[in-house]
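Starting off with a structure, shown below.
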Amino acid sequence: MSLGPLLLGVQGIELQEEEREMLMHPLTGGVVLFSRNYESLEQLEALTAQIHQLREPRLLIAVDHEGGRVQRFRADFTPLPAAGRIGAEYDAHPHKARQLAEAAGWLMAAELLAAGVDLSFMPVLDLDRGVCPVIGDRAFHRAPEAVTDLAHHYLMGMGRAGMAGTGKHFPGHGAVTADSHTELPVDPRPFNELLMEDLVPFERMTAFGLQAVMSAHVRYEQIDGNIATYSTFWLQDVLRARLGFQGLIFSDDLEMAAAATAGDVPDRVRRALWAGCDVALVCQTRKAMAAVLDAGLEWRNPVTQLRLARMHGHGEGGHRHLHQDPQWRAAVKCLTALDEPHTLDLI
């Protein structure tokens, strides 16, 4: 059975029978985990093993595990600094900041892979313009060159651990005040301004081998009436054609309020896939997930299936083996010296 174009959520710390059936559906390609799915390291390892044993090729398991305010798993995992905390070191100590970024990318990826999680949606490539609370210190820096530099080293760390990278949120979420989880953000800037600033990290990270991109639920009103997730202009004309990106395109979660411009959730999935997303995320409510699976969606794209298969992780050993690795001890020592921020658990 090939992997489908949907990443779904599960509700608790172990799979229910109805969830097993949904994950066995041909349209399903993977699972997105949240803090609601985490109780302990042992429980997480059992859950990921359950999911991976369901199908062949195995379903992809993803999570938002950025560090700082957005870190889904905390107990038994190293507290990771926010990207912006690393960026704060960059202006005075760029070499040190690059080392911190690579250590953070490696440590994040190594700990997740050891628990059976294939990827975290990282690195964040948004620019911190100081106006978007939902982005804020999730971004590395305000300057496109600094974001690119640090994200490149973060991606190198992820790659050494065996994890593919996902840059987000294309083409840039940092210049809007609204939170796309709860309302529709509108960015009034012209294309040339985005091209010279927000698109720079995505263009350069494409050249560095970035494997995936996640779209933004933001409408750029001078450029396209659709949010980027539903925009053929952004996903096909700009990302694919102009920037030359050939990796996987994830939508952001289509149950977010900003995605409601396309109607009900099945219609949102159709719009996202038609616009150019390879994989659509529907990961909050069982009702929405069931509606999409029951909607009779037909989607066969061999290129998408190949791209999705390449996102599987390649970690070795479990946490006991990892904690014996001198590289793990060095990374923990390096990163835990930074301040630990408060928690933000996004939907």
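Kindly list the number of the only condition in (1) closer than 22 Å to GLN327 by Cβ; (2) surrounded by 24 or more Cβ atoms within 10 Å (Cβ to Cβ); (3) of a type outside the set (Val, Ile, Thr) that fails for GLU89.
So GLU89 meets the others, but not (2).
On the basis of being surrounded by 21 or more Cβ atoms within 10 Å (Cβ to Cβ), modelled with pLDDT of 95 or more, more than 18 Å from SER180 (Cα to Cα) and touching a strand residue (DSSP E or B) at 6+ places or on another chain (Cβ under 9 Å), does VAL282 make the cut? Can you show your working first?
Numbers: surrounded by 21 or more Cβ atoms within 10 Å (Cβ to Cβ): yes; modelled with pLDDT of 95 or more: yes; more than 18 Å from SER180 (Cα to Cα): no; touching a strand residue (DSSP E or B) at 6+ places or on another chain (Cβ under 9 Å): yes.
So VAL282 does not fit the description; no.
Okay, moving on. Of the residues that sit in segment 161-191 and are in a strand (DSSP E or B) and of a type outside the set (A, V, I, L, M), which one is surrounded by the most Cβ atoms within 10 Å (Cβ to Cβ)?
Top of the filtered list is PHE170.
Of all residues being within 20 Å of the chain's Cα centre (by Cα), in contact (Cβ under 8 Å) with a residue 60 or more places away in the chain and assigned to a loop (DSSP other than H, G, I, E, B) in segment 28-59, which is nearest to ASP118 (Cα to Cα)? Just the residue, please.
In this case the residue turns out to be ARG58.
Could you list all residues from segment 138-151 that are assigned to a helix (DSSP H, G or I) and buried (at least 23 other Cβ atoms within 10 Å of the Cβ)?
Here is the first cut: in segment 138-151, the ones assigned to a helix (DSSP H, G or I) are 138, 144-151.
Within segment 138-151, ARG138, VAL147, LEU150, ALA151 meet the criteria.
A further question on this structure: Filter segment 215-229 down to residues that are of a type outside the set (Asp, Glu), surrounded by fewer than 24 Cβ atoms within 10 Å (Cβ to Cβ) and farther than 18 Å from GLY263 by Cβ, then give me how many there are.
So the answer is 2.
Ok, one more. Pick from PRO94, PRO123: which is closer than 30 Å to ASP325 by Cβ and buried (at least 18 other Cβ atoms within 10 Å of the Cβ)?
PRO123
Starting from residues that are of a type in the set (S, T, N, Q) and under 30 Å from ASP264 (Cβ atoms), keep the ones in segment 294-340 and report whichever is surrounded by the fewest Cβ atoms within 10 Å (Cβ to Cβ).
For segment 294-340, the residue satisfying everything is ASN301.
Looking at PRO171, is it touching a helix residue (DSSP H, G or I) at 6+ places or on another chain (Cβ under 8 Å) and farther than 20 Å from ALA82 by Cα?
Yes; evaluated as a whole, the condition is true for this residue.
Within segment 214-237, restricting attention to residues that are in a helix (DSSP H, G or I) and under 20 Å from the mean Cα position of the chain (by Cα), which residue is farthest from VAL176 (Cα to Cα)? It would help to see each step written out before you state the result.
Start the filter on segment 214-237 by keeping residues that are in a helix (DSSP H, G or I), which leaves 228-230, 232-237.
From the residues that got through so far, the ones that are under 20 Å from the mean Cα position of the chain (by Cα) too are 228-230, 234-236.
Values: ALA228: 14, THR229: 16, TYR230: 18, TRP234: 17, LEU235: 20, GLN236: 23 Å.
That would be GLN236.
Where the second residue is surrounded by 24 or more Cβ atoms within 10 Å (Cβ to Cβ) and the first is at pLDDT below 95 and lies in segment 95-116, which pairs have Cβ atoms under 7 Å and are six or more apart or on separate chains?
Once the first residue is at pLDDT below 95 and sits in segment 95-116, no partner that is surrounded by 24 or more Cβ atoms within 10 Å (Cβ to Cβ) comes close enough.
Determine which single condition ASP198 fails, assuming it passes every other condition in (1) in contact with an Asp or Glu (Cβ under 9 Å, 6 or more places away or on another chain); (2) of a type in the set (D, E, K, R); (3) within 19 Å of VAL279 (Cα to Cα).
The failed condition is (3).
Against the condition over 22 Å from the mean Cα position of the chain (by Cα) and surrounded by fewer than 22 Cβ atoms within 10 Å (Cβ to Cβ), how does GLN11 come out, does it pass?
Taking the combined requirement at face value, the residue does not satisfy it.
Further question: Count, please, the residues in segment 63-78 that happen to be of a type in the set (Phe, Trp, Tyr) and either out of contact with any helix residue (DSSP H, G or I) (no Cβ under 6 Å at 6 or more places or on another chain) or farther than 16 Å from LEU113 by Cβ (or both).
Residues flagged as of a type in the set (Phe, Trp, Tyr) and either out of contact with any helix residue (DSSP H, G or I) (no Cβ under 6 Å at 6 or more places or on another chain) or farther than 16 Å from LEU113 by Cβ (or both) within segment 63-78 amount to 1.
Is there any pair linking a residue in segment 250-276 that is touching a residue at least 40 places away in the same chain (Cβ under 8 Å) to one that is among the acidic types (Asp, Glu) and surrounded by 22 or more Cβ atoms within 10 Å (Cβ to Cβ), with Cβ under 6 Å and at least six apart or on different chains, and which?
From segment 250-276, no pairs qualify.
If you scan segment 324-347, which residues turn out to be outside any loop (DSSP other than H, G, I, E, B) and either modelled with pLDDT under 55 or not polar (S, T, N, Q) (or both)?
PRO326, TRP328, ARG329, ALA330, ALA331, VAL332, LYS333, CYS334, LEU335
Something else about it: Which pairs turn up if I take residues in segment 291-309 that are modelled with pLDDT of 90 or more and outside any loop (DSSP other than H, G, I, E, B) and look for partners that are among the hydroxyl-bearing types (Ser, Thr, Tyr) and surrounded by 17 or more Cβ atoms within 10 Å (Cβ to Cβ) with beta carbon separation below 9 Å, at least 6 apart in sequence or on another chain?
LEU293/THR28
Take segment 63-99 and flag every residue that is within 21 Å of ALA164 (Cβ to Cβ) and of a type outside the set (Val, Ile, Thr).
Answer for segment 63-99, where residues must be within 21 Å of ALA164 (Cβ to Cβ) and of a type outside the set (Val, Ile, Thr): ASP64, HIS65, GLU66, GLY67, GLN71, ARG72, PHE73, PHE77, LEU80, ALA83, ARG98.
Which one is nearest to ALA104 (Cα to Cα) among residues in segment 70-88 that are over 15 Å from the mean Cα position of the chain (by Cα) and either charged (D, E, K, R) or not in a loop (DSSP other than H, G, I, E, B) (or both)?
Filtering segment 70-88 for residues that are over 15 Å from the mean Cα position of the chain (by Cα) and either charged (D, E, K, R) or not in a loop (DSSP other than H, G, I, E, B) (or both), the one nearest to ALA104 (Cα to Cα) comes out as ILE86.
The values are calculated or read from the model by the stated rules, or taken from the named source; none is laboratory data. Computed from a predicted structure; not experimentally measured. Reconstructed Cβ throughout: ideal geometry from the backbone, glycine too, with neighbour counts over all protein chains shown.
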